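The values are calculated or read from the model by the stated rules, or taken from the named source; none is laboratory data. Since the structure is predicted, the reported quantities are computational estimates derived from the model, not experimental observations. When we count neighbours, we look across all protein chains shown, and the Cβ atoms used for this are built from the backbone with ideal geometry, even at glycine. These area figures cover heavy atoms from the full protein model, side chains too; ligands, DNA and RNA do not enter into them. Shrake-Rupley method; radii C 1.70, N 1.55, O 1.52, S 1.80 Å.
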Amino acid sequence: SQDEGRNRVVEFTYSDLRRAQADQLLAGHIPTALQGEEFYVAYQPQLNLETQDVVGFEALARWDHPEHGTVSPGRFIPLCENSGYINALTLNLLEQICNDLPDIWERYGDIKVSMNLSPFSLLDREFIQAFIDTATAICDVKGKVSLEVVENLSIDGYESAAKNLAALREAGFDIILDDFGTGYSSLSYIRRLGASVVKIDREFVMNLNQSNHDDLAIIRSVVSLGKQFGFDVIAEGVEYANQAAILLEEGVTIGQGYLFSKPLKIDHFL
Ligand code: C2E
Ligand code: CA
Ligand code: CA
Ligand code: CA
(Lines give C-alpha, C1' and ligand atoms only; values in the text may rest on other atoms or scores of the structure.)
(Ligands and ions follow the chains in the order given, each with its own letter.)
Protein backbone atom coordinates (compact mmCIF):
# COMPACT_ATOMS: atom_id res chain seq x y z
CA SER A 1 0.00 0.00 0.00
CA GLN A 2 0.93 3.64 -0.18
CA ASP A 3 1.47 3.72 3.58
CA GLU A 4 3.94 0.88 3.51
CA GLY A 5 5.80 2.62 0.74
CA ARG A 6 6.00 5.78 2.75
CA ASN A 7 7.20 3.92 5.83
CA ARG A 8 9.88 2.23 3.84
CA VAL A 9 11.11 5.58 2.59
CA VAL A 10 11.19 7.01 6.12
CA GLU A 11 12.99 3.94 7.47
CA PHE A 12 15.55 4.09 4.69
CA THR A 13 16.24 7.76 5.25
CA TYR A 14 16.65 7.19 8.97
CA SER A 15 19.21 4.39 8.64
CA ASP A 16 20.96 6.41 5.97
CA LEU A 17 21.23 9.27 8.41
CA ARG A 18 22.57 7.03 11.16
CA ARG A 19 25.07 5.60 8.76
CA ALA A 20 26.21 9.07 7.74
CA GLN A 21 26.55 10.06 11.41
CA ALA A 22 28.51 6.93 12.21
CA ASP A 23 30.75 7.55 9.21
CA GLN A 24 31.33 11.13 10.29
CA LEU A 25 32.25 9.98 13.78
CA LEU A 26 34.62 7.40 12.39
CA ALA A 27 36.17 9.87 9.94
CA GLY A 28 36.87 12.14 12.90
CA HIS A 29 39.09 9.43 14.37
CA ILE A 30 41.27 9.10 11.28
CA PRO A 31 43.86 11.80 12.13
CA THR A 32 44.49 10.30 15.58
CA ALA A 33 44.58 6.80 14.14
CA LEU A 34 47.24 7.93 11.67
CA GLN A 35 49.37 9.28 14.51
CA GLY A 36 49.23 6.01 16.42
CA GLU A 37 49.48 2.45 15.25
CA GLU A 38 45.84 1.69 14.55
CA PHE A 39 46.39 1.32 10.82
CA TYR A 40 48.53 -1.61 9.87
CA VAL A 41 49.33 -3.78 6.89
CA ALA A 42 48.00 -7.28 6.29
CA TYR A 43 49.86 -9.30 3.67
CA GLN A 44 48.31 -11.84 1.34
CA PRO A 45 50.68 -14.19 -0.47
CA GLN A 46 50.66 -14.71 -4.23
CA LEU A 47 51.67 -18.20 -5.29
CA ASN A 48 53.14 -19.73 -8.37
CA LEU A 49 50.28 -22.12 -9.14
CA GLU A 50 52.61 -24.75 -10.48
CA THR A 51 55.32 -24.85 -7.82
CA GLN A 52 53.26 -23.43 -4.92
CA ASP A 53 56.14 -21.06 -4.14
CA VAL A 54 55.32 -17.65 -2.69
CA VAL A 55 56.28 -15.18 -5.41
CA GLY A 56 54.83 -12.00 -3.94
CA PHE A 57 52.56 -10.39 -1.36
CA GLU A 58 49.76 -7.86 -1.64
CA ALA A 59 49.74 -5.35 1.19
CA LEU A 60 46.22 -4.51 2.38
CA ALA A 61 45.27 -1.81 4.85
CA ARG A 62 43.68 -2.75 8.18
CA TRP A 63 42.20 -0.58 10.92
CA ASP A 64 41.71 -1.76 14.49
CA HIS A 65 40.03 1.04 16.39
CA PRO A 66 40.23 0.80 20.20
CA GLU A 67 36.48 1.44 20.62
CA HIS A 68 34.89 0.74 17.25
CA GLY A 69 36.81 -2.49 16.74
CA THR A 70 37.88 -3.67 13.32
CA VAL A 71 36.73 -1.41 10.51
CA SER A 72 36.78 -2.93 7.01
CA PRO A 73 38.75 -1.25 4.20
CA GLY A 74 35.56 -1.22 2.16
CA ARG A 75 34.37 1.30 4.73
CA PHE A 76 37.44 3.27 5.81
CA ILE A 77 39.14 3.67 2.42
CA PRO A 78 36.23 5.75 1.03
CA LEU A 79 36.16 7.69 4.33
CA CYS A 80 39.86 8.45 3.97
CA GLU A 81 39.36 9.41 0.33
CA ASN A 82 36.50 11.76 1.11
CA SER A 83 38.09 13.39 4.15
CA GLY A 84 41.40 14.03 2.44
CA TYR A 85 43.46 11.50 4.41
CA ILE A 86 44.03 8.85 1.78
CA ASN A 87 47.46 10.22 0.83
CA ALA A 88 48.59 10.28 4.46
CA LEU A 89 47.34 6.72 4.93
CA THR A 90 49.16 5.55 1.80
CA LEU A 91 52.45 7.08 2.98
CA ASN A 92 51.92 5.58 6.44
CA LEU A 93 51.46 2.12 4.88
CA LEU A 94 54.43 2.61 2.56
CA GLU A 95 56.66 3.24 5.59
CA GLN A 96 55.39 0.09 7.27
CA ILE A 97 56.02 -1.92 4.12
CA CYS A 98 59.55 -0.54 3.84
CA ASN A 99 60.13 -1.64 7.42
CA ASP A 100 58.93 -5.16 6.66
CA LEU A 101 60.74 -5.62 3.34
CA PRO A 102 64.15 -6.72 4.70
CA ASP A 103 62.51 -9.49 6.76
CA ILE A 104 60.38 -10.57 3.81
CA TRP A 105 63.41 -10.80 1.55
CA GLU A 106 65.39 -12.68 4.15
CA ARG A 107 62.63 -15.27 4.41
CA TYR A 108 61.37 -15.43 0.81
CA GLY A 109 64.21 -14.16 -1.34
CA ASP A 110 63.87 -11.46 -3.93
CA ILE A 111 60.09 -11.18 -4.12
CA LYS A 112 57.78 -8.23 -4.70
CA VAL A 113 55.21 -6.55 -2.53
CA SER A 114 52.34 -4.66 -4.10
CA MET A 115 50.26 -1.95 -2.53
CA ASN A 116 47.02 -0.31 -3.62
CA LEU A 117 46.96 3.24 -4.90
CA SER A 118 43.67 5.12 -4.74
CA PRO A 119 42.49 6.88 -7.92
CA PHE A 120 42.46 10.06 -5.81
CA SER A 121 46.18 9.71 -5.14
CA LEU A 122 46.93 8.78 -8.70
CA LEU A 123 45.57 12.11 -9.92
CA ASP A 124 47.58 14.14 -7.40
CA ARG A 125 50.89 15.19 -8.95
CA GLU A 126 52.30 16.56 -5.67
CA PHE A 127 51.44 13.40 -3.82
CA ILE A 128 53.07 11.22 -6.47
CA GLN A 129 56.30 13.16 -6.00
CA ALA A 130 56.03 12.86 -2.21
CA PHE A 131 55.41 9.14 -2.58
CA ILE A 132 58.50 8.68 -4.75
CA ASP A 133 60.62 10.83 -2.40
CA THR A 134 59.44 8.91 0.68
CA ALA A 135 60.02 5.59 -0.99
CA THR A 136 63.54 6.41 -2.11
CA ALA A 137 64.40 8.00 1.24
CA ILE A 138 63.38 5.04 3.39
CA CYS A 139 63.88 2.02 1.17
CA ASP A 140 65.23 0.99 -2.16
CA VAL A 141 62.06 0.05 -3.98
CA LYS A 142 63.43 -0.24 -7.48
CA GLY A 143 61.63 -3.22 -8.97
CA LYS A 144 60.55 -4.44 -5.52
CA VAL A 145 57.30 -2.59 -4.84
CA SER A 146 54.43 -2.66 -7.32
CA LEU A 147 51.41 -0.42 -7.35
CA GLU A 148 47.90 -1.75 -7.91
CA VAL A 149 45.66 0.71 -9.68
CA VAL A 150 42.07 0.41 -10.84
CA GLU A 151 40.74 1.44 -14.17
CA ASN A 152 37.79 3.61 -13.24
CA LEU A 153 39.51 6.76 -14.38
CA SER A 154 37.42 9.41 -16.03
CA ILE A 155 38.49 10.72 -19.39
CA ASP A 156 39.39 14.01 -17.66
CA GLY A 157 41.72 12.33 -15.25
CA TYR A 158 43.22 10.08 -17.83
CA GLU A 159 46.03 12.33 -19.05
CA SER A 160 47.35 13.25 -15.63
CA ALA A 161 47.00 9.69 -14.37
CA ALA A 162 49.02 8.45 -17.33
CA LYS A 163 51.72 11.06 -16.64
CA ASN A 164 51.88 10.17 -12.96
CA LEU A 165 52.07 6.47 -13.74
CA ALA A 166 54.95 7.17 -16.11
CA ALA A 167 56.77 9.01 -13.29
CA LEU A 168 56.14 6.10 -10.95
CA ARG A 169 57.43 3.58 -13.47
CA GLU A 170 60.48 5.73 -14.03
CA ALA A 171 61.11 5.65 -10.27
CA GLY A 172 61.10 1.85 -10.38
CA PHE A 173 57.53 0.95 -9.47
CA ASP A 174 55.81 -1.71 -11.56
CA ILE A 175 52.17 -1.03 -12.31
CA ILE A 176 49.50 -3.67 -11.78
CA LEU A 177 46.08 -3.17 -13.32
CA ASP A 178 43.74 -4.33 -10.53
CA ASP A 179 40.20 -5.75 -10.78
CA PHE A 180 40.59 -6.38 -14.50
CA GLY A 181 37.33 -7.02 -16.29
CA THR A 182 35.07 -5.05 -13.95
CA GLY A 183 35.36 -1.67 -15.64
CA TYR A 184 36.11 -0.52 -19.14
CA SER A 185 39.32 -2.44 -19.40
CA SER A 186 40.78 -2.89 -22.79
CA LEU A 187 44.07 -3.78 -24.30
CA SER A 188 44.82 -0.14 -25.07
CA TYR A 189 44.26 0.67 -21.40
CA ILE A 190 46.81 -1.89 -20.27
CA ARG A 191 49.29 -0.58 -22.80
CA ARG A 192 48.81 3.09 -22.15
CA LEU A 193 48.95 2.75 -18.38
CA GLY A 194 52.14 0.78 -18.82
CA ALA A 195 50.91 -2.09 -16.66
CA SER A 196 53.29 -5.02 -16.45
CA VAL A 197 50.81 -7.18 -14.55
CA VAL A 198 47.06 -7.59 -14.92
CA LYS A 199 44.97 -8.93 -12.06
CA ILE A 200 41.88 -10.83 -13.10
CA ASP A 201 39.06 -9.88 -10.77
CA ARG A 202 37.59 -12.40 -8.35
CA GLU A 203 34.31 -12.16 -10.24
CA PHE A 204 35.79 -14.25 -13.07
CA VAL A 205 37.38 -16.79 -10.74
CA MET A 206 34.43 -17.26 -8.40
CA ASN A 207 32.28 -19.46 -10.66
CA LEU A 208 35.06 -21.07 -12.58
CA ASN A 209 34.38 -24.58 -13.73
CA GLN A 210 34.66 -26.43 -16.99
CA SER A 211 31.13 -25.60 -18.04
CA ASN A 212 31.44 -21.86 -17.38
CA HIS A 213 32.45 -20.89 -20.88
CA ASP A 214 32.10 -17.11 -20.54
CA ASP A 215 34.54 -16.73 -17.67
CA LEU A 216 36.89 -19.25 -19.25
CA ALA A 217 36.84 -17.29 -22.52
CA ILE A 218 37.72 -14.06 -20.74
CA ILE A 219 40.57 -15.67 -18.83
CA ARG A 220 41.88 -17.29 -22.00
CA SER A 221 41.93 -14.02 -23.90
CA VAL A 222 43.71 -12.15 -21.07
CA VAL A 223 46.36 -14.86 -20.90
CA SER A 224 46.85 -14.82 -24.65
CA LEU A 225 47.09 -11.01 -24.73
CA GLY A 226 49.58 -11.21 -21.88
CA LYS A 227 51.76 -13.57 -23.87
CA GLN A 228 51.60 -11.37 -26.97
CA PHE A 229 52.17 -8.06 -25.27
CA GLY A 230 54.35 -9.14 -22.39
CA PHE A 231 52.39 -8.70 -19.20
CA ASP A 232 51.94 -11.20 -16.38
CA VAL A 233 48.54 -12.35 -15.20
CA ILE A 234 47.49 -12.86 -11.58
CA ALA A 235 44.14 -14.36 -10.61
CA GLU A 236 42.61 -13.08 -7.37
CA GLY A 237 40.00 -14.62 -5.12
CA VAL A 238 41.17 -18.20 -5.62
CA GLU A 239 39.27 -20.14 -2.96
CA TYR A 240 39.16 -23.73 -4.22
CA ALA A 241 41.75 -26.17 -5.50
CA ASN A 242 39.73 -26.85 -8.65
CA GLN A 243 39.77 -23.14 -9.51
CA ALA A 244 43.54 -23.12 -9.17
CA ALA A 245 43.77 -26.21 -11.37
CA ILE A 246 41.62 -24.66 -14.11
CA LEU A 247 43.56 -21.39 -13.97
CA LEU A 248 46.85 -23.23 -14.31
CA GLU A 249 45.47 -25.22 -17.22
CA GLU A 250 44.52 -21.95 -18.92
CA GLY A 251 48.03 -20.58 -18.47
CA VAL A 252 47.54 -18.33 -15.44
CA THR A 253 50.71 -18.85 -13.44
CA ILE A 254 50.08 -16.78 -10.31
CA GLY A 255 47.16 -17.00 -7.90
CA GLN A 256 46.07 -15.22 -4.76
CA GLY A 257 43.20 -16.10 -2.46
CA TYR A 258 41.83 -17.81 0.62
CA LEU A 259 42.85 -21.21 -0.76
CA PHE A 260 46.42 -20.23 0.09
CA SER A 261 45.93 -17.71 2.88
CA LYS A 262 43.87 -14.80 4.08
CA PRO A 263 45.71 -11.49 4.46
CA LEU A 264 47.64 -11.69 7.76
CA LYS A 265 50.24 -9.76 9.72
CA ILE A 266 53.72 -10.31 8.33
CA ASP A 267 54.94 -12.10 11.47
CA HIS A 268 52.67 -14.97 10.51
CA PHE A 269 54.63 -15.56 7.31
CA LEU A 270 58.06 -14.99 8.80
P1 C2E B 1 41.33 -5.37 -3.68
O2 C2E B 1 42.53 -4.52 -3.93
O3 C2E B 1 40.66 -5.97 -4.86
O4 C2E B 1 41.83 -6.49 -2.66
C5 C2E B 1 41.39 -7.81 -2.67
C6 C2E B 1 40.33 -8.04 -1.62
O7 C2E B 1 39.84 -9.36 -1.75
C8 C2E B 1 40.84 -7.92 -0.19
O9 C2E B 1 39.77 -7.41 0.60
C10 C2E B 1 41.13 -9.36 0.18
O11 C2E B 1 41.09 -9.61 1.57
C12 C2E B 1 39.98 -10.06 -0.52
N13 C2E B 1 40.28 -11.46 -0.84
C14 C2E B 1 41.48 -12.02 -1.06
N15 C2E B 1 41.36 -13.34 -1.37
C16 C2E B 1 40.04 -13.60 -1.35
C17 C2E B 1 39.26 -14.79 -1.58
O18 C2E B 1 39.78 -15.87 -1.87
N19 C2E B 1 37.91 -14.67 -1.46
C20 C2E B 1 37.31 -13.50 -1.14
N21 C2E B 1 35.99 -13.49 -1.03
N22 C2E B 1 38.00 -12.34 -0.92
C23 C2E B 1 39.35 -12.41 -1.03
P24 C2E B 1 40.01 -6.26 1.67
O25 C2E B 1 41.32 -6.43 2.35
O26 C2E B 1 38.77 -6.19 2.51
O27 C2E B 1 40.10 -4.96 0.78
C28 C2E B 1 39.01 -4.51 0.04
C29 C2E B 1 39.40 -3.40 -0.90
O30 C2E B 1 39.79 -2.24 -0.17
C31 C2E B 1 40.61 -3.75 -1.77
O32 C2E B 1 40.20 -4.53 -2.87
C33 C2E B 1 41.06 -2.36 -2.17
O34 C2E B 1 40.28 -1.86 -3.22
C35 C2E B 1 40.77 -1.57 -0.92
N36 C2E B 1 42.01 -1.44 -0.14
C37 C2E B 1 42.53 -2.26 0.79
N38 C2E B 1 43.70 -1.77 1.27
C39 C2E B 1 43.93 -0.61 0.60
C40 C2E B 1 44.98 0.37 0.64
O41 C2E B 1 45.98 0.27 1.37
N42 C2E B 1 44.83 1.45 -0.19
C43 C2E B 1 43.76 1.59 -1.03
N44 C2E B 1 43.70 2.67 -1.79
N45 C2E B 1 42.78 0.68 -1.09
C46 C2E B 1 42.86 -0.40 -0.29
CA1 CA C 1 44.42 -4.83 -4.99
CA1 CA D 1 41.65 -6.60 -6.80
CA1 CA E 1 38.38 -6.97 -6.36
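Estimated at the nearest 10 Å², the accessible area of Ser221 is 60 Å² with a 1.4 Å probe. Distances between placed amide hydrogens fall under 5 Å for Glu148 paired with Met115, Asn116, Leu117, Ile176, all partners being 5 or more residues away or on another chain. Farthest towards the positive end of the charge dipole of the chain, among the residues Asn164, Ile132, Leu34, is the Cα of Asn164, using unit charges on the Cβ of Lys, Arg, Asp and Glu. Less than 5 angstrom separates the built amide H of Asp232 from those of Val197, Val198, all sequence-distant by 5 or more or on a different chain.
Per residue, how large is the accessible surface of the chain? Use a 1.4 angstrom probe and give square angstrom. Numbers along the way, then the final one.
Numbers: 14080 Å² over 270 residues.
On a per-residue basis, the chain sits at 52 Å².
Full extension of the chain segment joining Tyr158 with Tyr258 gains 32.7 nm, where the gain is 0.36 nm per residue of separation less the Cα-Cα distance. Left without a cysteine partner by the 4.7 Å Cβ rule in the chain: Cys80.
Think of each Lys and Arg Cβ as +1 and each Asp and Glu Cβ as -1; about the Cα centre, that makes the dipole of the chain roughly 320 debye. For the pair Arg169 and Glu95 in one chain, pulling the backbone fully straight at 0.36 nm per residue adds 24.7 nm over the alpha carbon distance. Look at the dipole of the chain built from charges on Cβ: of Thr13, Leu49, Ser146, the Cα furthest out on the positive end belongs to Ser146.
Within the chain, what percent of beta bridges assigned by DSSP are antiparallel, to the nearest 5? Looking only at bridges with both residues in the chain, the antiparallel portion is about 40 percent. Label-to-label distance, Ser221 versus Glu250, with points set 7 angstrom from Cα along the beta-carbon direction: 1.2 nm. At full extension, Glu81 and Thr13 could sit 22.1 nm farther apart than now, given 0.36 nm per residue minus the alpha carbon distance.
How much of the accessible area of the chain, in percent, comes from carbon and sulfur atoms when a 1.4 Å probe is used?
Values: 6980 of 14080 Å².
Roughly 50 percent, rounded to a whole number.
Considering the chain as a Gaussian network with a 10 Å cut-off on Cα pairs, which listed residue, Leu17, Leu247, Leu94, attains the greatest mean-square fluctuation? Maximum fluctuation in the GNM of the chain, among the listed residues, is at Leu17. Springs between Cα atoms under 10 Å define the GNM used for the chain, and in it the highest mean-square fluctuation of Leu26, Leu122, Leu168 occurs at Leu26. Helix-only arithmetic for the chain: the sum of -39500 (n - 2.57) across DSSP H runs with n ≥ 4, divided by the residue total, places the mean residue ellipticity at 222 nm at -16500 deg cm²/dmol.
Beyond 23 Å in Cα-Cα separation lie the following of the pairs Lys142/Lys163; Lys142/Lys199; Lys163/Lys227; Lys227/Lys265; Lys199/Lys227: Lys163/Lys227; Lys227/Lys265. Largest mean-square fluctuation among Pro66, Pro78, Pro102, in a Gaussian network model of the chain whose springs join Cα atoms under 10 Å apart, belongs to Pro66. For segment 167-270, the list of chymotrypsin sites (Phe, Trp or Tyr not before Pro) that fall in a loop by DSSP and count at most 13 other C-beta atoms within 10 angstrom reads Tyr184, Tyr258.
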